[in-house]
Amino acid sequence: MARPPVCRIMDYGKYKYEQSKRDREARKKQKVVTIKEVKMRPNIEDHDFDVRRRQTEEFLKDGDKIKATIMFRGREVVHSELGKVVLDRLLDAVKDLCIVERPAKLEGKNMIMILAPKSAPGDTGKPAQQVSE
């Protein structure tokens, strides 16, 4: 706000180049949130469940969100409480690594729960709001 007004003469091409360079650096530092899906059935065996649990732990440690899906076939959907039990079991196994972004909910023939990591690499340190039932 100088009196008289001062004008700066600059190289516009150089200015645009430096601006694009700053934008590129900012893009390198940002983390793209990916959602990994873990699919299970309501009558899953113990070993198969352990494999899914280990996968879930690895994904959460990498900073990815998890979409845990229980797939029902035919009349299994009548006993949706069995799917809820499996999802609760998965949540208990990884509760120290994650928070529930969306609790278990039946959508058609699938029951879906979304888990987010407590602290993702490169995160601001502000965790998402935890939902409890």
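Considering Lys28, Lys39, which residue is of a type in the set (Lys, Arg) and either in contact with a Cys (Cβ under 8 Å, 6 or more places away or on another chain) or over 22 Å from Ser119 (Cβ atoms) (or both)? Give the steps one after another, and end with the answer.
On the way: Lys28 fails: either in contact with a Cys (Cβ under 8 Å, 6 or more places away or on another chain) or over 22 Å from Ser119 (Cβ atoms) (or both).
Of Lys28, Lys39, the one residue that is of a type in the set (Lys, Arg) and either in contact with a Cys (Cβ under 8 Å, 6 or more places away or on another chain) or over 22 Å from Ser119 (Cβ atoms) (or both) is Lys39.
Kindly provide the set of residues from the range 1-53 that are among the β-branched types (Val, Ile, Thr) and closer than 30 Å to Arg73 by Cβ, ordered by number.
From the range 1-53, those among the β-branched types (Val, Ile, Thr) are 6, 9, 32-35, 38, 44, 51; that's our starting set.
Across the range 1-53, the qualifying residues are Thr34, Ile35, Val38, Ile44, Val51.
Restricting to the range 110-133, what's the tally of residues that are modelled with pLDDT of 90 or more and either more than 15 Å from the chain's Cα centre (by Cα) or surrounded by fewer than 15 Cβ atoms within 10 Å (Cβ to Cβ) (or both)? Give the derivation first.
Within the range 110-133, the first condition is being modelled with pLDDT of 90 or more, and the residues that meet it are 110-117.
The next check asks that each one be either more than 15 Å from the chain's Cα centre (by Cα) or surrounded by fewer than 15 Cβ atoms within 10 Å (Cβ to Cβ) (or both); those that pass are 110-111.
Residues flagged as modelled with pLDDT of 90 or more and either more than 15 Å from the chain's Cα centre (by Cα) or surrounded by fewer than 15 Cβ atoms within 10 Å (Cβ to Cβ) (or both) within the range 110-133 amount to 2.
The values are calculated or read from the model by the stated rules, or taken from the named source; none is laboratory data. It should be emphasised that the depicted structure is a prediction, and the values quoted were computed from it without experimental measurement. As a convention, Cβ positions derive from the backbone with ideal geometry for all residues, glycine included, and neighbour counts pool all protein chains shown.
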